[in-house]
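Here's the structure, in structure tokens; my notes come after.
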Amino acid sequence: MPTALRLLLALLLLFAMLGTGLSADKKPLVVVLATGGTIAGGADSDTTTIGYKAAVFGVDRVLASVPALAKVADIRAEQVFQLASENMTPAHWLILGKRVNQALKDPAVSGVVITHGTDTLEETAYFLHLTVKSDKPVVLTGSMRPATAISADGPLNLYNAVCLAGTAEARGKGVLILMNDAILSARDTTKTNTFATDTFRAPDSGPLGFMQLGRPLFYRLPARAHTLATEFAVDALTALPQVEILYGYAGSNASQVTSALAAGAKGIVNAGTGNGSLPDGTKAALAQARARGVLVVRSSRTGSGVVTRNGGVDDDALGFVAADNLTPQKARILLALALTVTSDPLRIQRMFDTY
Ligand code: DAS
């Protein structure tokens, strides 16, 4: 092959790999966006694993606890927020989403890691899963023990998350959650335990894969549309419509609906008992809210399984939407984004069947 052609092919290969943020000999460039949480938390004693203070250490201190990172990636770090994630709000999601999109536009960047409190990590992850406009990896991680604790889980979670965000295998799989060696999809994952390091589970589907010695092993793929395949774009948003969640229990009644409407809800997600069941009083109040133009989604408090359209409640007649197998907190995010596009319950039902 003529030398000139060989040189041209080599240059094309180099540009192609740089375009994906990858290169044969260079370490991947990973952007780390820190938001606080227990991974940045501390206590006076190394045996204190509850009752510590979250969000006390800056991103440089958190990164310094993992010297091995220097061998696996070049890192560009930024402290976006410094908060315990129970204080995260949709306004924070919008800021973070715009920052993620901006970081991923840089062709030299392989992926983004977001360090985050675990309490609402699944919500931020799902919001980004529906709005980020790139196929590059976005990986959220955190920890269940503070950085000062014996056997703190943050350092290895951070190491695995950075390794994952620098791989080609993690591309095109939507937003990922990396905790306790497990690679989980943002859509299907929830925090299931108050203290355990394996708290993040995907009850209906399990993890997508695992990290082993810094390399991902994938065994399944997300089945629903995400990132580039959604109709939602965070850069076009300045606020999200208010959506409230009602919790169903023996004796729950219409007063919850009244409170949600008084708070200005444009959408209501009901975390019903069983298959999204509604007590008669709540059902009637939600039907009145629907008649006033409020969107109503039936989800379930069970934590797994599917709420099926017209399964036990006549969604067609009432104009309600069934949440499929989204948890109430995930259904709230999809409904809020859906309301930025339409107020048609049948179109929104198609979104719940798609995302
Ligand atoms: N303080 C909680 C939070 O920030 C717990 C944690 O981070 O794990 O979400």
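Pairs meeting the criteria (first residue in region 20-39 and modelled with pLDDT under 95, second residue away from the ligand (no atom under 16 Å from the Cβ) and assigned to a helix (DSSP H, G or I), beta carbons under 7 Å, at least 6 apart or on different chains) are SER23/MET17; ALA24/MET17.
Of the residues ALA152, ALA168, ALA161, ALA186, the single one that is closer than 23 Å to ILE333 by Cα and at pLDDT 95 or above is ALA186. Does GLY154 fit the bill of being touching a residue at least 60 places away in the same chain (Cβ under 8 Å), of a type in the set (Gly, Ala, Ser) and within 16 Å of the ligand (Cβ to nearest atom)? In short, yes.
Kindly indicate the residue of region 206-259 that is among the hydroxyl-bearing types (Ser, Thr, Tyr) and more than 23 Å from THR327 (Cβ to Cβ) and also modelled with the lowest pLDDT among those meeting that condition.
First, pick out the residues of region 206-259 that are among the hydroxyl-bearing types (Ser, Thr, Tyr): 219, 227, 230, 238, 247, 249, 252, 255, 258-259.
When the remaining residues are screened for being more than 23 Å from THR327 (Cβ to Cβ), the result is 238, 255, 258.
On the way: THR238: 94, SER255: 97, THR258: 98.
Among those that are among the hydroxyl-bearing types (Ser, Thr, Tyr) and more than 23 Å from THR327 (Cβ to Cβ), it is THR238.
Within region 84-116, the set of residues being over 21 Å from THR238 (Cα atoms) and hydrophobic (A, V, I, L, M, F, W, C) comprises ALA84, ALA108, VAL109, VAL112, VAL113, ILE114.
Restricting region 36-55 to residues that are surrounded by fewer than 21 Cβ atoms within 10 Å (Cβ to Cβ) and in a strand (DSSP E or B), the residue that is farthest from the ligand (Cβ to nearest atom) is GLY42.
At least 3 residues being among the aliphatic types (A, V, I, L, M) is the threshold, and among the strands (runs of 3 or more DSSP E) wholly inside region 211-311 those reaching it are 243-247, 267-272, 295-300.
Filter region 114-133 for residues that are of a type in the set (Val, Ile, Thr) and either part of a helix (DSSP H, G or I) or more than 10 Å from the ligand (Cβ to nearest atom) (or both); which is farthest from LEU240 (Cα to Cα)?
Checked region 114-133; the qualifying residue farthest from LEU240 (Cα to Cα) is ILE114.
The residues of region 62-89 that are part of a helix (DSSP H, G or I) and within 16 Å of the ligand (Cβ to nearest atom), listed by number, are VAL62, SER85, GLU86, ASN87. Among the residues that make up region 304-322, is at least one of them among the hydroxyl-bearing types (Ser, Thr, Tyr), modelled with pLDDT of 95 or more and surrounded by fewer than 22 Cβ atoms within 10 Å (Cβ to Cβ)? For region 304-322, residues among the hydroxyl-bearing types (Ser, Thr, Tyr), modelled with pLDDT of 95 or more and surrounded by fewer than 22 Cβ atoms within 10 Å (Cβ to Cβ): present.
The values are calculated or read from the model by the stated rules, or taken from the named source; none is laboratory data. Small disclaimer: the values here were computed from a predicted structure and weren't measured. As a convention, Cβ positions derive from the backbone with ideal geometry for all residues, glycine included, and neighbour counts pool all protein chains shown.
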